[in-house]
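Accompanying notes for the structure given below.
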Amino acid sequence: MISPLCEEAVLSAVPRKGLRVSCRGSVSSTNLLVKEAIRAGEEPGLVISALKQEGGYGRQGRVWVSPVGGLYTSLFVKPGKDLAQMPSLAPATGLAVARAIDDVLMASGLSCQTMPCAPLIKWPNDVVCAQGKLCGMTVEAVGTSLCVGIGINLFQPAGAMEVGGKNTPAYVADLLLRDDRIAGTDLTAAQRELATAMLQALLRNFFQIYDIWAEEGFGALRQAYEGRSSLVGKEISLRNTVDDQLSAGVVEGFDDQARLLLRTSSEVVQPVSWGEVHIVSGHQV
């Protein structure tokens, strides 16, 4: 039996009108629960967060392995924007997650100079560090509403964690220089404290970024996003889901629609809306 985090402790640190936080122990999928709530007529502002998922999934429906040791959170927002602009919310959310992890690291006494490595954003929907992938995100439309799903690796789970593709999991506890692994089926008191702090920081940063995105668009966040990107200046190839190469080149930056700007071998700068990124040169994350 996994005990949920304390909802009152989370809400007390995130003052926002209309925010409702439901903390769970183990669920099928926080995304599925939020989407069910949207269809049932729930108002925006609902957040469901769990410490384990039995049926978690990531982008394009891929299985998201969700053992005890992670923080799995889904948010219901309704921005009132053209759905064509919705893809830029995932990169914007990546900026919020990177800043939230920064806040947790600095609250522990680590400074920019003493951090083992800073979290970076890997377009379009991951947060990474030198050790691997810290977080993945999804954004799904339900009518004109959005379900934003965020999965953060906090502690190394008790068993081996098998993930698909080329991703290697990394953990916030490792960035905190804590040898803090899951020893059983629930969190320790110290682990629960860190998970609560992470959820508080996540919600504070998400809604701060979301409000800017909803009012001004991704263009208002673009410079900050580029400054946290793991890809700018890297040579990459872009592939589809069956690993066919779509294009290749050097990442120049991003545009106001959060499209990746790729300088190809013909020196043409090509805006790219989607694709699986594989780094050809530079540090692999």
Out of the residues in segment 174-186 that are touching a strand residue (DSSP E or B) at 6+ places or on another chain (Cβ under 9 Å) and closer than 18 Å to ILE101 by Cβ, state the one that is surrounded by the fewest Cβ atoms within 10 Å (Cβ to Cβ). ASP174
From the list GLU215, GLU235, exactly one residue is in contact (Cβ under 8 Å) with a residue 24 or more places away in the chain and charged (D, E, K, R). Which is it? GLU235
Condition check for SER265: touching a residue at least 12 places away in the same chain (Cβ under 8 Å), farther than 25 Å from PRO79 by Cα, open to solvent by 70 Å² or more (accessible area, probe 1.4 Å) and in contact with a strand residue (DSSP E or B) (Cβ under 8 Å, 6 or more places away or on another chain): yes
Just one listed residue, out of VAL34, VAL10, is closer than 17 Å to THR138 by Cβ and either more than 19 Å from the chain's Cα centre (by Cα) or not small (Gly, Ala, Ser) (or both), and it is VAL34
Tell me, which helices (runs of 4 or more DSSP H) lie completely within segment 170-285 with 1 or more residues that are more than 26 Å from GLN85 (Cβ to Cβ)? 172-175, 189-216
Within segment 9-35, residues being in a helix (DSSP H, G or I) and without any contact (Cβ under 8 Å) to a residue 24 or more places away in the chain number 3
Among the candidates ALA220, ALA197, ALA224, residue that is of a type outside the set (S, T, N, Q), closer than 22 Å to GLN131 by Cβ and out of contact with any His (no Cβ under 9 Å at 6 or more places or on another chain): ALA197
Give me a count of the residues in segment 221-232 that are without any contact (Cβ under 8 Å) to a residue 12 or more places away in the chain and surrounded by 19 or more Cβ atoms within 10 Å (Cβ to Cβ). 0
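The values are calculated or read from the model by the stated rules, or taken from the named source; none is laboratory data. Predicted, not measured: the structure shown is a model, and the values here were computed from it. Note that we place each Cβ from the backbone using ideal geometry, even for glycine, and neighbour counts take in every protein chain shown. For accessibility, only protein heavy atoms count, side chains too; no ligands or nucleic acids. Shrake-Rupley method; radii C 1.70, N 1.55, O 1.52, S 1.80 Å.
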